[in-house]
């Protein structure tokens with residue numbers, strides 16, 4: 001386990017150094033990431049200047065929700081960006097290299113890149129979380145702080161697992177671009193708004209089928225003491241399930257890999 | 001003309017080769033549209049906001065989504081890739097106008113885009129019960145302005161993509177452009193609902209011609225001379241950006257570095 005972590009850290013570090021060679025690109029990506037969070041904020045503030053609440057969610061609460069979603073989404077590019085290159089690797093037969101090296105294939109795949117736009121997401125999302133928390137009515141206790149951190153870790157685990165799961169679909173879908181994963185993750189963008197605004201079908205699908213709702217909605221509901229807040233406490237369980245599923249699908253997919261035949 | 005039509009056909013075929021890819025991407029776009037419909041449905045359940053009721057907002061969101069979808073084939077990524085890996089050098093040796101050639105490539109997606117828009121419109125009419133229908137004059141004005149969206153978006157995308165002559169990474173540039181276009185075109189939220197400090201720049205920037213103009217014509221918010229003025233603004237922006245792009249192109253060529261041979 002320690003060795004695996006070390007390999008992950010070294011590989012990610014190498015890519016970080018490579019990316020930092022291009023300073024202009026670094027700033028462009030950070031700003032681009034930040035811009036998308038600012039867009040969310042502009043949308044919410046424009047909307048809430050005309051309505052007092054969105055299905056029982058006040059402006060600060062909605063900002064907290066969108067900020068959490070943005071923050072969690074920033075972790076993907078920073079720590080799992082390499083996963084998005086899996087489709088290209090399969091398509092070009094480049095998965096041969098990780099397969100022959102003495103380290104877990106999945107670790108080599110996820111650490112094979114780093115996306116600096118994640119920093120913009122973390123800054124933007126983090127600021128939104130901070131502002132949302134400061135302006136929401138939350139009764140703080142050590143237990144609540146601890147719980148919030150555990151749920152945040154669970155949310156992050158779920159999203160990262162979904163990224164692996166979606167990209168592992170490239171073993172079956174084929175093609176050079178991870179379109180399945182892009183669709184899977186983009187659909188989750190609907191979870192940056194309170195889930196209660198959607199129809200029953202979407203709510204059910206986002207809870208049971210693909211647990212987007214556990215990335216931000218249920219944890220935030222628990223923190224804010226919304227209706228059926230207890231569901232938020234299931235986040236770590238869902239996270240464990242997602243990790244298991246992602247591992248399983250990746251391994252199944254890896255068995256299908258047949259190189260490009262050079 | 002013939003070589004450009006050939007490029008257009010080639011680009012269409014290229015898109016159709018990866019049918020599954022395109023299909024999945026369109027499904028992603030559809031869920032985005034469904035998401036915004038749900039958000040606005042919840043927001044408008046207590047009454048209209050800024051002059052938009054649910055029926056008008058439905059039409060607005062569809063037009064916003066359609067104007068985002070049209071002319072958005074992979075043309076910019078192909079161009080960016082060829083600049084970044086140096087293949088642009090062979091494009092330069094071809095007896096074609098570079099800008100017209102890229103325009104033809106960008107328009108290769110139009111056929112599939114129109115089909116997708118038709119499907120989305122049908123789905124919305126079916127599942128949400130009807131759609132605002134404009135009178136014949138407004139419908140004609142809308143059609144003209146919607147067709148002008150494609151060259152306008154091309155000009156903006158083309159100018160943005162030329163950033164690849166100076167930076168190594170197209171993704172960030174493309175995203176930043178998307179964010180700015182989404183905000184100032186009215187695709188994020190109708191421009192009338194933006195705070196004043198954003199509505200001001202939105203009114204003078206070219207992006208409003210992408211979503212706000214066709215929507216205003218469709219919904220009948222702009223009629224008569226005002227409608228013609230909006231169309232004229234759209235046309236002028238296309239010309240300005242088209243020729244502006246040629247100026248930038250001349251400078252960009254000087255920044256081009258291709259290693260090896």
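Laid out as a table, the results:
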| read-out | value |
| --- | --- |
| Verdict on residue A:172 being within 14 Å of another protein chain (Cβ to nearest Cβ) and either surrounded by fewer than 19 Cβ atoms within 10 Å (Cβ to Cβ) or at pLDDT below 95 (or both) | yes |
| Lone unmet requirement of (1) within 14 Å of another protein chain (Cβ to nearest Cβ); (2) surrounded by fewer than 20 Cβ atoms within 10 Å (Cβ to Cβ); (3) under 17 Å from the mean Cα position of the chain (by Cα); (4) over 30 Å from residue A:22 (Cβ atoms) for residue B:190 | (2) |
| Residues of the stretch B:7-41 satisfying the condition of being surrounded by fewer than 18 Cβ atoms within 10 Å (Cβ to Cβ), over 20 Å from the mean Cα position of the chain (by Cα) and facing chain A (nearest Cβ under 9 Å) | B:18, B:20, B:38, B:41 |
| Residue among B:104, B:72, B:45 that is within 17 Å of the chain's Cα centre (by Cα), modelled with pLDDT under 90 and at negative phi | B:72 |
| Residues satisfying the stated conditions in the stretch A:190-208, i.e. part of a helix (DSSP H, G or I), at the interface with chain B (Cβ under 10 Å from one of its Cβ atoms) and either surrounded by fewer than 19 Cβ atoms within 10 Å (Cβ to Cβ) or in contact (Cβ under 8 Å) with a residue 24 or more places away in the chain (or both) | A:191, A:192, A:196, A:197 |
| Any hit, the stretch B:153-171, residues being more than 19 Å from residue B:253 (Cα to Cα) and away from chain A (no Cβ under 12 Å) | yes |
| Filter pass, residue B:245 being within 14 Å of another protein chain (Cβ to nearest Cβ), surrounded by 15 or more Cβ atoms within 10 Å (Cβ to Cβ) and over 14 Å from residue B:144 (Cβ atoms) | no |
| Selected residue (only one of B:61, B:44 is within 14 Å of chain A (Cβ to nearest Cβ), buried (at least 16 other Cβ atoms within 10 Å of the Cβ) and touching a strand residue (DSSP E or B) at 6+ places or on another chain (Cβ under 9 Å)) | B:44 |
| Single condition residue A:64 does not satisfy, out of (1) under 19 Å from the mean Cα position of the chain (by Cα); (2) more than 14 Å from chain B (Cβ to nearest Cβ); (3) buried (at least 19 other Cβ atoms within 10 Å of the Cβ); (4) farther than 30 Å from residue B:38 by Cα | (4) |
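The values are calculated or read from the model by the stated rules, or taken from the named source; none is laboratory data. Source: prediction; values computed, not measured. All Cβ positions, even for glycine, are placed from backbone atoms using ideal geometry, and neighbour counts span all protein chains on display.
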